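To keep things clear, I will list the structure first and then write my remarks on it.
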């Protein structure tokens with residue numbers, strides 16, 4: 001598989017605080033990579049560095065390298081990066097009452113010159129993207145009136161219109177109920193593009209990701225398949241709780257269960 005993105009010895013500090021330390025990995029074309037780890041592990045910070053957004057933070061100092069298509073990301077303009085990365089944040093607040101069409105049309109901006117007019121091809125791309133996420137019938141609806149799951153699908157449609165190589169998602173299932181969690185991740189898996197996303201739920205990550213990156217305290221602890229990364233010993237140390245693993249009887253992917261040991265249970269009784 002062709003390598004699209006390569007990180008080598010990435011370190012990031014904000015003033016005297018180390019956020020990320022010595023991160024190295026490569027993302028290949030068509031891979032779905034899930035970034036997992038406890039709160040404060042550096043998951044969102046890693047996404048920020050991958051898209052060169054850490055440079056916007058006062059006191060930020062980064063070292064190491066991040067190469068996109070064998071070119072350092074610092075050599076790309078913001079518009080050029082937007083042509084390569086489609087970003088879906090945890091929660092997007094629309095200041096104005098924009099329609100679904102207006103939100104998705106924003107995906108055209110990285111490829112447009114100022115004052116250029118949308119073509120028939122652009123309009124077709126917008127409709128195709130909304131059809132892929134199952135929301136063509138909501139094209140005239142107000143974005144803020146949609147459910148959380150529908151809003152996430154609209155934002156994914158916007159990223160599809162950008163025609164990007166890599167889709168970056170920060171907790172795409174956050175605040176969604178079980179049905180929409182699986183619906184969103186199944187949709188992402190069907191897109192057949194490179195995806196790098198943070199995932200809070202280890203079982204969802206196990207089921208839908210080709211590869212997992214386990215972070216803790218700003219360090220990359222493990223990089224591999226779900227079977228390689230999700231071990232009881234590693235997860236117990238990382239999350240500070242006893243961990244039991246078995247196989248999901250439907251998907252055959254690793255299934256993770258955390259529990260309080262008998263000492264804690266006796267103290268609570």
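Looking only at the stretch 49-58, decide whether some residue is without any contact (Cβ under 8 Å) to a residue 12 or more places away in the chain, within 28 Å of residue 189 (Cβ to Cβ) and surrounded by 16 or more Cβ atoms within 10 Å (Cβ to Cβ).
yes
Filter the stretch 128-175 down to residues that are assigned to a helix (DSSP H, G or I) and surrounded by 16 or more Cβ atoms within 10 Å (Cβ to Cβ), then give me how many there are. Outline the logic, then answer.
Of the stretch 128-175, the ones assigned to a helix (DSSP H, G or I) are 128-132, 136-138, 143-145, 148-161.
Okay, now just the ones that are also surrounded by 16 or more Cβ atoms within 10 Å (Cβ to Cβ), so 129-130, 132, 138, 143, 149-161.
Residues meeting the conditions: 18.
Scanning for something outside any loop (DSSP other than H, G, I, E, B) and at pLDDT 95 or above, does the stretch 50-60 turn up at least one residue? Don't jump to the end; show me each part of the working.
Initially, the stretch 50-60 is screened for residues outside any loop (DSSP other than H, G, I, E, B), giving 50, 54-56, 60.
Restricting the remaining residues to those that are at pLDDT 95 or above gives 50.
Yes: the stretch 50-60 contains one or more residues that are outside any loop (DSSP other than H, G, I, E, B) and at pLDDT 95 or above.
Please state which one of 81, 10, 20 is over 29 Å from residue 186 (Cβ atoms), free of Cβ contacts under 8 Å to residues at least 60 places away in the same chain, within 20 Å of the chain's Cα centre (by Cα) and not in a loop (DSSP other than H, G, I, E, B). Steps first, please.
On the way: 81 fails: over 29 Å from residue 186 (Cβ atoms); 20 fails: free of Cβ contacts under 8 Å to residues at least 60 places away in the same chain.
Sole residue among the options that is over 29 Å from residue 186 (Cβ atoms), free of Cβ contacts under 8 Å to residues at least 60 places away in the same chain, within 20 Å of the chain's Cα centre (by Cα) and not in a loop (DSSP other than H, G, I, E, B): 10.
Quick check on residue 66: is it surrounded by 15 or more Cβ atoms within 10 Å (Cβ to Cβ), modelled with pLDDT under 95 and in contact with a helix residue (DSSP H, G or I) (Cβ under 8 Å, 6 or more places away or on another chain)? Outline the logic, then answer.
Values: surrounded by 15 or more Cβ atoms within 10 Å (Cβ to Cβ): yes; modelled with pLDDT under 95: no; in contact with a helix residue (DSSP H, G or I) (Cβ under 8 Å, 6 or more places away or on another chain): yes.
The answer is no for residue 66.
Tell me which residues, restricted to the stretch 151-171, are farther than 24 Å from residue 97 by Cβ and either over 13 Å from the mean Cα position of the chain (by Cα) or modelled with pLDDT under 90 (or both). Outline the logic, then answer.
So the first thing to find is which residues in the stretch 151-171 are farther than 24 Å from residue 97 by Cβ, and the list is 163-171.
163, 164, 165, listed by residue number.
Looking only at the stretch 217-233, which residues are within 18 Å of the chain's Cα centre (by Cα) and farther than 15 Å from residue 25 by Cβ?
If the condition is that a residue be within 18 Å of the chain's Cα centre (by Cα) and farther than 15 Å from residue 25 by Cβ, then 226 is the only one that fits.
Please work out which residue is surrounded by the most Cβ atoms within 10 Å (Cβ to Cβ), limiting yourself to the stretch 202-247 and to residues that are modelled with pLDDT of 95 or more and assigned to a loop (DSSP other than H, G, I, E, B).
Per the criteria, the residue is 209.
The values are calculated or read from the model by the stated rules, or taken from the named source; none is laboratory data. Model, not experiment: these values are computed from the prediction. Heads up, the Cβs are rebuilt from the backbone with ideal geometry, glycines too, and the neighbour counts pull from every protein chain shown.
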